[in-house]
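Quick notes on the structure that follows.
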Amino acid sequence: MEKAMLRKYAEMAVRIGINVQPGQTLVIRSPLNGAELARECADVAYDAGAKEVVVFYHDEKLNRIRMEKGSKEEMCNIKEWQKIQMLNYVNTEGSAAFLHILSEDPEIYKGLDTEKIDAIGKANSAATKEFRDYTMNSRVQWSIVAIPSEAWAKKVFPELPVEAAVEKLWDTIFKVSRVEGDAVANWKEYTDKQMARRNRLNSLNLREVHLTSKNGTDLHVGLAEDCIWGGGKDYTTGGKPFTKEGIEFIANMPTEEIFTAPHKDNVNGVVYGTKPYVFNGNLIEDFVVTFKDGKVVEYDARVGKDLLKQLLESDEGAVSIGEIALVPASSPINRQNVLFYNTLFDENAACHIAFGAAYPDCVKGGSEMDEDQLKAKGINISVIHEDVMVGSEDMDIVGITADGEKVQIFSDGEWVF
Ligand code: ZN
Ligand code: ZN
């Protein structure tokens, strides 16, 4: 990986993704192998006027040792400092911005007790819910970027020796992240296009989208009341005191989706998974799910049916969906024809739904509502949010407006506008 490309990647993450403001603190969460990028991001952030850059490192291999040998009770007992580690940076006026560097081994917990992994995962996500509310509601600027790890690169390119695999994964990440050439200009052109599609969808006042595919998918996704389509750019609602209006940021890089919240009680039909899905470090492949009145009533999978069961039993809301996202087959990630074994990338290769929680700000005024108000709008509540890919090269999507009019949205896997 060329140093100049890493610098461009850091510029993209900090200036476009996070859009760090003068006088703001940047908090970076990074794996140990992300140190070089974390340093580069810190350098860019200070140049952009950041007041302080704080980096928290974590170690996945250590996590595996703990997961294997640690006591479940002890690991489910999340300590106070862990709960407030991130909250420390949002409780003051003029919140920090949060960059997460991701470099996961998709099978880090392979062979370990899945029930234990699940319990610990749930305890962690319950303990960090208060902080997650800030990101889920766009009250803070946040972004995620990924870098290769040896294990991840080997999983994606098993035919290559490890060094070449890492190099190829870097190249692929740069390509699909639009870093080649003028990254800033690329992102401007692309987000303008996405914003136009998003605005078009919002102007249609849709109450349902109907997805069909030759593979048998035939799914009616009713939408939450007063739903808003998001994607392209995000805006913080709590940008003060840096700007009055809030600050523009891009939460996931890359991002190819335009998405909104389904109505939790109004999803009907059958949907087939089109890409493998990594859950708790293990794979679910070729699944099929049937919905009735918003809930999964039947499911199967060629690989990982027990995992799918576990996922759907995570809590009461896990059998309903919290996201419907539209991604064209021509997405650069799909065109690479690579399975990344990582949701950040794979979800941007195809249309997807997410089991579990919806983003509250996918309905008008949602980030100010309590859970009961959100539920009344059809917003699904859950501790999980698991994106599974259902889009295909021949997917057809028709929107149904509040007046019952049909509008073509996707034809043969592509946007029609
Ligand atoms: Zn999504
Ligand atoms: Zn999602």
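The values are calculated or read from the model by the stated rules, or taken from the named source; none is laboratory data. Nothing here was measured: the structure is a model prediction, and the numbers come from that model. All Cβ positions, glycine included, derive from the backbone under ideal geometry; neighbour counts span all protein chains shown. Each accessible area value is taken on the protein alone, full model and side chains, heavy atoms only, with ligands, DNA and RNA left out. Shrake-Rupley method; radii C 1.70, N 1.55, O 1.52, S 1.80 Å.
Could you check THR255 against (1) outside any loop (DSSP other than H, G, I, E, B); (2) within 16 Å of ligand 2 (Cβ to nearest atom); (3) of a type outside the set (Asp, Glu) and say which number it fails? The failed condition is (1). You will find that of SER177, SER149, SER143, the residue that is more than 30 Å from SER367 (Cα to Cα), of a type in the set (S, T, N, Q) and either open to solvent by 50 Å² or more (accessible area, probe 1.4 Å) or within 21 Å of the chain's Cα centre (by Cα) (or both) is SER149 and no other.
Of the helices (runs of 4 or more DSSP H) entirely within region 317-417, those holding at least 3 residues that are at pLDDT 95 or above occupy 371-377.
Of everything listed in (1) modelled with pLDDT of 90 or more; (2) of a type in the set (Ser, Thr, Tyr); (3) over 24 Å from the mean Cα position of the chain (by Cα), the single unmet condition for SER103 is (3). Report, by residue number, each residue of region 232-279 that is at pLDDT below 85 and surrounded by fewer than 17 Cβ atoms within 10 Å (Cβ to Cβ). Passing the criteria: TYR235, THR237, LYS240, PRO241, THR243, LYS244, GLU245. Here ASN202 clears all of (1) of a type in the set (S, T, N, Q); (2) open to solvent by 30 Å² or more (accessible area, probe 1.4 Å); (3) in contact with a strand residue (DSSP E or B) (Cβ under 7 Å, 6 or more places away or on another chain) except the condition numbered (3). Of all residues in region 1-37, those satisfying the criterion of being of a type in the set (Val, Ile, Thr) and over 22 Å from ILE108 (Cβ atoms) are VAL14, ILE16, ILE18, VAL20, THR25, VAL27. The residues on offer are VAL221, VAL267, VAL278, VAL296, and the sole one that is in a strand (DSSP E or B) and under 21 Å from LEU339 (Cα atoms) is VAL278. Hey, does region 23-33 have a residue that's in a helix (DSSP H, G or I) and open to solvent by less than 40 Å² (accessible area, probe 1.4 Å)? There is no residue in region 23-33 that is in a helix (DSSP H, G or I) and open to solvent by less than 40 Å² (accessible area, probe 1.4 Å). Summed over region 312-324, the residues that are within 16 Å of ligand 1 (Cβ to nearest atom) and out of contact with any Gly (no Cβ under 8 Å at 6 or more places or on another chain) give a count of 2.
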